[in-house]
Amino acid sequence: MDDLLKLGRIEAGFDTRKEMIQVDQIFRLSTEECSARAAEKDLKMIVDIQDKFPSFYGNSTQIRQMSDNLLDNAIKYTLKGGVVKVVVKN
């Protein structure tokens, strides 16, 4: 339900704060926060994030939610003992 409300706000033109985003830093934070959940499932996390990834103009909150969602789903749906690989490259 939250996702539908967020989508409605975006489509209506609300929540459109934009700024320069360092996507590499966002994914680093997401992977750090998700590493404990991955360890609980005995998952190996491989993180390959390019240093000095080019910044871009966007909504950092939405990008962070996207990265958290992607990692959460990867951890949730990867079988115990599997591998979750995060690659952020230009």
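The values are calculated or read from the model by the stated rules, or taken from the named source; none is laboratory data. These numbers were taken from a predicted model, which means no experiment stands behind them. With ligands, DNA and RNA removed, areas are computed over all heavy atoms of the protein, side chains included. Shrake-Rupley method; radii C 1.70, N 1.55, O 1.52, S 1.80 Å.
Quick notes on this structure:
- Accessible area expressed per residue, region 22-90, with surrounding protein chains retained (probe 1.4 Å, Å²): 64
- 5 angstrom amide H check on I21, placed H, neighbours 5+ away: F56, Y57, G58
- Within the accessible area of region 25-90, the carbon and sulfur atoms contribute 52%, probe 1.4 Å, all protein chains present.
- Other-chain or far-sequence residues with amide H under 5 Å of I49's (modelled H): V88
- Region 21-66 - convex hull of alpha carbons, volume per residue in Å³: 64
- Cα-based equivalent ellipsoid, region 32-90: semi-axes from gyration tensor eigenvalues, Å: 23, 13, 8
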